[in-house]
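Presented below is the structure to which this report refers.
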Amino acid sequence: MNHRFFAIIICYGFLISCQQQPETEVPVGPEVSVPAGFEATMLYSPSEHDQGSWVSLTSDPEGRLIASDQYGSLYRITVPEKGNEVNVETMPVQLGNAQGMLWAFNSLYVSVNAREDSVTKGSGLYRVTDSNGDDQLDTVEKLFGMEGNGEHGPHAVILGPNSNDLYLIAGNHTDVPEHFGSVLTTWDEDRLFDPILDPGGHANDRKAPGGWIARSTDRGESWEVIASGFRNPYDIAFDKFGELFTFDSDMEWDLGSPWYRPIRVCHVIPGAEFGWRTGSGKWPVYYPDNLPPVVNIGQGSPTGIAFGYGANFPAAYQNSLYILDWSFGTMYQVSLEPKGASYSGEKTEFLSGTPLPLTDMVIGQDGNMYFTTGGRRVASHLYRVRYVGDEPTSIPNESEPNEKLAIRKSIESGNVSAEKLWSYLSDEDRFIRYAARVALENTDRGQWQTFLNITKDPNAVVQSTLMVARLGYEDLRSRVIQNLATIDVNALEVDQQLELVRAYGLLFIRTGPAKRGEKINLPDYPTGDDALDRELCELLVYLGRGDIIKATLDLMEAAENTIAADLTPTQVLERSEQYGPTIAAMHENRPTEQGLAFALSLSNLENGWTNELRDRYFRWFYRALQKSGGVSYKGFVEKIRQRALAKVPERERAALAELSGEALLQTTVLPSDVPQPEGPGREWTMSEANRLMYGGLSNRSFTKGEQHFQALLCSSCHTMNGKGGNVGPDLTQAGTRFSNRDMLYAMLFPSNDITDQYGATLYTLNDGSTRIGRTLRTTDDSVYIATNPFDLSMETGLANSSIASSEPSPVSLMPSGLINRLNEEELMDLMAYLNSGGDPNHEMFGSE
């Protein structure tokens, strides 16, 4: 940790009117590290007062805070000017389950994220008002409903830079409401080949647009989608220039694959696309029809974000964007600097704690920062951060946007002629080219079509090709093909060559395969650039070029030969700090992402193979299956292997299946050589198990903790430090997300909170029988589920015509009472192992 940070022992203020729990049951608040000159104070714990786990936070005109329990009510909090004794009121409305709230236009807007039942209002945007002026919000109006709920459902609602504007963001399991319009002219999967779907089944039925942001310019009456292609960003925020930012999530199961995308801050302009697609279909950042992030963060779980405007902090802190990571218990300070028509960013840690599952934050009217922790029913707290140092806290001087930002904003205003927009397609700035193309796509083609005949600039040729493809103008295809053929590909920079390859690919996807006689103008393959070689390989396979197999296999094997030496020990440490200990654990046995990309492309190629080339290709899978990655890594490799085997003549299939590692896929649920707990066990209760933790965990045994993790079958479903199953959550960061009490509760009562990503579905069939399992994939006529939680490769198909209804299963796939085989010492060793993230050098372990 940065040495400028120090630990603040946080104060705890109790609400006098609430009954205090017995002293032995009161959890000790975690320490929070903040920069010198700041102090963090824990003001209140809603979970100690049966007020749930708070995940959303806003403030009203009186300076009071409003919070929402993830699965319950809304609360209004008054924080005194002096002291720490807060007053918390339950708001008198039957509304809650909010993952976004905003006070605007004398109303509270509430983004509800829930399944509707007799008590709970379903997902949608609601407006809550005070009907009689008694300072109590008592009237609820539903503005519209949304199809989608859970952790990837509807999230934040915020006020826009214009007086009547509202903005709403939703995760990739939320359908765009039918009455919404869109700035984006069209969206689709837009990949040359069908993606490899996630082996664990997550989001396999979710298609474009993925997560989205919508805007209303009339206080919520009408809406249009302005950006898409997100995975699951939780919050959005505007800077002082009216520029919009969000913080998108990663898919940690994808680690080790070329389609893994870290959590990242995105600059969102109207019409923006960020390329999330299911499984292996995610777009790389260099596709010109999507936009790159401002800054990559690493692994984590993004939650709330806000700028520091209005805080009584030094100027540098006021101008920063603050982003919250639930997984690692860290709030980052992101310093943003204009870079052309967009921004660059640099992150530093602002505060952190263990565990500190951060959910949301606001800058209060008193100039202090307030944030909440909680989510998934874990212990929840409200904190205040104040600056108490000596630096001045005056409002920093306002700066003006640069010329490129001003040009881009003029394009977005809708007041630029088609001729001028066309000229911007040649601009050196990627965001200006993108904005100009989006504006032209929303302009009648008669205003720009003639420009196609005189376009020579490579950037403009590529952008106009993308536009013709996206709009599906097949009659203009020959014109743009001719334009592409005029480009001197060898004179282009690598990023321009990448955009050229994508332009061809999108044209074929949207307007049909390459036709005889069409000249395809591409760089010679291979080029020596990793990204360009990946894209060329995929396009050339699509074009049926079997002559590239040998060169591609050479690249795959070369990538393997250099991977062990391509990172210095210092770089390994830096990756560990950025991406978490899973990366460090994977390093010695990590896969080659480049090889995986080539293997995926070649799995679609039928012609050009010889026996020798096939042997080389399938031997690569044998080696790849012995590597480590995210929990879906081996499943992805196996699905690619199966796709490739399907292209092999049947008489050769068995031998190549064996050669490529069929035996490596045989797994044993409980290894016979793992020592079993000695016991005697007991029927552990929550109070008994939690009391055992009060003395702390020190001088424990790593070896025994790991053995118990395996003997109780935890490793069959959960990954720890890069090893284990993918049925349940990765537990490497459990110690930074959850307290000991939270982890014990989850083990004793696993069905009380089942996260979307790992839940099963209960299917009721027409004959009255039921089936329970993890939904892996869907087709037009069937649903395929895994009923064995220890083996997701065992599929059971259900015909859609046979299904009467489906709903999330209320029962977890994880059995309850697994720890009942352990005695006290064994339970403490297991808990130390869970807290350590699988690190034998953790401070909780003694010498063995």
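Here is a yes/no grid of residues against (1) touching a Leu at 6+ places or on another chain (Cβ under 9 Å); (2) surrounded by fewer than 17 Cβ atoms within 10 Å (Cβ to Cβ):
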site	(1), (2)
696	no, yes
715	no, no
725	yes, no
750	yes, no
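List, please: which pairs have Cβ atoms under 8 Å, are six or more places apart or on different chains, and start with a residue in the stretch 533-553 that is among the basic types (Lys, Arg) and end with one that is part of a helix (DSSP H, G or I)?
Here the result reads 534/594; 534/597; 534/598; 534/601; 550/613, each pair linking the stretch 533-553 to a residue that is part of a helix (DSSP H, G or I).
Return yes when residue 646 is open to solvent by 40 Å² or more (accessible area, probe 1.4 Å) and hydrophobic (A, V, I, L, M, F, W, C) and no when it is not.
yes
Only one residue in 165, 175, 194, 134 is among the charged types (D, E, K, R), open to solvent by less than 40 Å² (accessible area, probe 1.4 Å) and at pLDDT 95 or above, so which one is that?
Testing whether each residue is among the charged types (D, E, K, R), open to solvent by less than 40 Å² (accessible area, probe 1.4 Å) and at pLDDT 95 or above leaves just 165.
From the residues in the stretch 69-88 that are touching a residue at least 60 places away in the same chain (Cβ under 8 Å) and among the polar types (S, T, N, Q), which one is farthest from residue 104 (Cα to Cα)?
Out of the qualifying residues, it is 84.
Can you pull out every residue in the stretch 33-50 that is hydrophobic (A, V, I, L, M, F, W, C) and out of contact with any Leu (no Cβ under 7 Å at 6 or more places or on another chain)?
36, 38, 42
When residues of the stretch 794-824 are filtered for being part of a helix (DSSP H, G or I), open to solvent by 20 Å² or more (accessible area, probe 1.4 Å) and in contact (Cβ under 8 Å) with a residue 60 or more places away in the chain, how many remain?
4
Would you call residue 547 modelled with pLDDT of 95 or more and assigned to a helix (DSSP H, G or I)?
Yes; evaluated as a whole, the condition is true for this residue.
So, in the stretch 58-68, of the ones that are of a type outside the set (Ser, Thr, Tyr) and either out of contact with any strand residue (DSSP E or B) (no Cβ under 6 Å at 6 or more places or on another chain) or touching a residue at least 60 places away in the same chain (Cβ under 8 Å) (or both), which residue ends up surrounded by the fewest Cβ atoms within 10 Å (Cβ to Cβ)?
61
So residue 424 clears everything in (1) hydroxyl-bearing (Ser, Thr, Tyr); (2) more than 30 Å from residue 310 (Cβ to Cβ); (3) open to solvent by 60 Å² or more (accessible area, probe 1.4 Å) except one condition, right? Which one?
For residue 424, the exception is condition (3).
Kindly provide the set of residues from the stretch 282-297 that are within 15 Å of the chain's Cα centre (by Cα) and open to solvent by less than 10 Å² (accessible area, probe 1.4 Å), ordered by number.
283, 297
Do any strands (runs of 3 or more DSSP E) entirely within the stretch 120-186 hold 2 or more residues that are without any contact (Cβ under 8 Å) to a residue 40 or more places away in the chain, and if so, which?
Filter on the stretch 120-186 gives 124-129, 139-145.
Testing residue 677 on (1) assigned to a helix (DSSP H, G or I); (2) more than 30 Å from residue 598 (Cα to Cα); (3) touching a residue at least 24 places away in the same chain (Cβ under 8 Å), one condition comes back false. Which one is that?
Among (1) assigned to a helix (DSSP H, G or I); (2) more than 30 Å from residue 598 (Cα to Cα); (3) touching a residue at least 24 places away in the same chain (Cβ under 8 Å), residue 677 violates only (1).
Do we have residue 795 as at pLDDT 85 or above, of a type in the set (Asp, Glu) and out of contact with any Gly (no Cβ under 6 Å at 6 or more places or on another chain) here?
It is false that residue 795 is at pLDDT 85 or above, of a type in the set (Asp, Glu) and out of contact with any Gly (no Cβ under 6 Å at 6 or more places or on another chain).
For the stretch 463-488, enumerate the residues that are within 20 Å of residue 269 (Cβ to Cβ) and open to solvent by 10 Å² or more (accessible area, probe 1.4 Å).
Within the stretch 463-488, 470, 471 qualify.
Which count do you get for residues in the stretch 99-119 that are in a strand (DSSP E or B) and more than 23 Å from residue 178 (Cβ to Cβ)?
Adding up the residues that qualify gives 6.
So which of 730, 742 ends up being surrounded by 20 or more Cβ atoms within 10 Å (Cβ to Cβ) and either in a loop (DSSP other than H, G, I, E, B) or modelled with pLDDT under 75 (or both)?
Being surrounded by 20 or more Cβ atoms within 10 Å (Cβ to Cβ) and either in a loop (DSSP other than H, G, I, E, B) or modelled with pLDDT under 75 (or both) holds for just one of 730, 742, which is 730.
The values are calculated or read from the model by the stated rules, or taken from the named source; none is laboratory data. Treat the numbers as computed from the prediction; the structure is a model and nothing was measured. Cβ atoms come from the backbone with ideal geometry, glycine included; neighbour counts cover every protein chain shown. Only protein heavy atoms, including side chains, enter the accessible area calculation; ligands, DNA and RNA are left aside. Shrake-Rupley method; radii C 1.70, N 1.55, O 1.52, S 1.80 Å.
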